[in-house]
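Each reported figure results from applying straightforward, stated rules to the coordinates on display, with no laboratory input. Keep in mind that what you see is a predicted model, and the values were worked out from it rather than measured. Note that each Cβ is placed from the backbone with ideal geometry, even for glycine, and that neighbours are counted across all protein chains shown.
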Amino acid sequence: MKITQLSDLDCHKKLVPLIGAFFLFAGCSEIGVDPEVRFGLIILFAIISFVAIFTKPILGIYAVSVVSVVFSPPIRIGFVNLYFHQWVILVALLASLSSGLILENLHTKIRSEINVPMTIFVGSLFLAMAHAPNTVIGMKSFLYVGVLIASYYLVLLCINTERHIQVFIVLLLTATTGICVLSLWFHGSGRLGSLVLRNPNSFGNFLALVIPFCVSLLFHGRLTGGQKLVLVLSLVLMFVSLALTFSRSAWVGVFLGIISLSVMKPRAPVFFLICGIIAAGFLFSPIQKRIFKDIHDPGAQYRITKASIAYNKFKERPILGNGLGSFHYEAQFSDIWAYRAHSTLENNYLLMLAEGGLVEFFAFVYLIITFGRKTVMFLRKIKDPFLFPALLGSVASIISTLGAGMFEDTLFFPKNNWLIGMFMGIVIVMGRISDESIKADNSMEVEGGITASLN
């Protein structure tokens, strides 16, 4: 017998505190219990969380939106060592897949016009992993980008209504604002980081994902006066935090994201915001120095050196690349100190070319072009006062992270890329919700016409 009322059960409300207890307990790196007991308790709470998310799949989305920003230490279970939010995504994805299989609506939920290009891109990653110089590092690299892909499909499986998107946005913005407050409150003498994203560049690139989305909601959403005031205060905190990260890649991303907003939907306030950002770059001395004078600092020189190395590796094997994770793995054998000591390549596109060659790079380009075409179609047809600014903001945020990806590995960094996947999924879901709304309106019009003719 098919279970048809899973989402109507009330038991998930009673299990929410237990999920929170699991999040807290699993993340405690120093707890005074035997490791075997701790492992058993983690498994117990994981099972309880699985059941809760299986009953109410959207809980997985809500959980990720909070824990990935507020509390996500690395957790080792067996030989697998992942960040806490990655475990949450994994449990939520398995629970949502199981729920979809039982309800026999899995195919309907994951159906999307970008499934084919997404499959091709995943296939290119598998191909690059097959000839990785080190299997373990190759698998880890696949899992890093796998967070993005899993998050995308998690959204397709879990989000069904505007209400789900609204709650997700509120949780994400609340968590982000809270982290900005804490980061500014405890800010020391160095560049600004956060509790989870301790590296300033990581924190900056996370803000580069959230800020364009908030700007779209502020200037294109139909908000009340109180809602606008709260959003403005949050944006001020985010912009201040972004400035204090001194992350040039994040600054580039935010600038391109807001430029894209002004192109897709021109508004005078967005233009003035762009002017303000440019003025800050020229008038605020620390930002001016960071943009125009620090090009010769060690961080910038390391990036230039590693970009040159990656390009040379690509020229050696231009078709299939050197294998997934190869750039990081081969750093230990290099005579160049900048490469050996800083083995991360801060460029999405050179990394794909060096490790996966033209096959992986063009698979990604195909995915982005297909996604972009669907996005343009949605922007033309969606008129809903909530869905349109949320769609516009999601697209601007994706453009922001693609821009920042010229100077950081935003697509391959698991502490940030989950949000890229979710924004991509939200774009597809909003198109689906809009189509269902149009069909419902047309059906009502037909029924009204039939009733009128009969009368």
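Length gained on full extension, His131 to Leu233, computed as 0.36 nm times the residue gap minus the Cα-Cα distance: 31.8 nm.
Rg/Rh for segment 187-250 stands at 1.04; both radii use Cα atoms, and Rh follows the Kirkwood definition. D by Stokes-Einstein for segment 147-193, Kirkwood Rh over Cα pairs, 25 °C, 0.890 mPa s: 189 µm²/s. Each of the peptides 316-326, 147-157 was scored by the mean count of other Cβ atoms within 10 Å over its residues; in descending order, highest first, they stand as 147-157, 316-326. The Cβ shell under 13 Å around Leu82 holds other residues with a net charge of +3, Lys and Arg each +1, Asp and Glu each -1. Here the Kirkwood formula puts the hydrodynamic radius of segment 112-434 at 20.4 Å, using every distinct Cα pair. Proximity of backbone amide H atoms, modeled 1.01 Å from N, is registered between Tyr83 and Ile75 at under 5 Å, excluding neighbours fewer than 5 places apart on the same chain.
Report the local net charge at Ile319: Lys and Arg +1, Asp and Glu -1, summed over other residues whose C-beta lies under 14 Å from its C-beta.
Charge balance near Ile319 sits at 0.
For segment 414-429, putting each phi into the Karplus relation 6.51 cos²θ - 1.76 cosθ + 1.60 with θ = phi - 60° gives couplings of x, 7, 10, 6, 4, 6, 4, x, 5, 5, 4, x, 5, 4, 5, 5 Hz, in residue order, rounded to whole numbers and with x for Gly and Pro.
Filter Lys228/Lys289; Lys228/Lys265; Lys383/Lys415 down to the pairs with a C-alpha to C-alpha distance above 29 Å, please. The answer is Lys228/Lys289; Lys383/Lys415.
Please compute, over every Cα-Cα pair in segment 309-436, the percentage with a separation greater than 22 angstrom. Tail fraction, whole percent: 45.
Within the set of other residues whose C-beta is less than 14 Å from the C-beta of Asn416, count the net charge using Lys and Arg as +1 and Asp and Glu as -1. That sum, taken over residues with Cβ under 14 Å, equals -1. Of the peptides 249-260, 125-136, the ranking by mean beta-carbon count within 10 Å, highest at the top, reads 249-260, 125-136. Compared with the alpha-carbon gap, the fully stretched path from Leu195 to Arg373 is longer by 60.4 nm at 0.36 nm per residue. Ranked by the mean number of other Cβ atoms within 10 Å per residue, highest first, peptides 113-124, 403-414 order as 403-414, 113-124.
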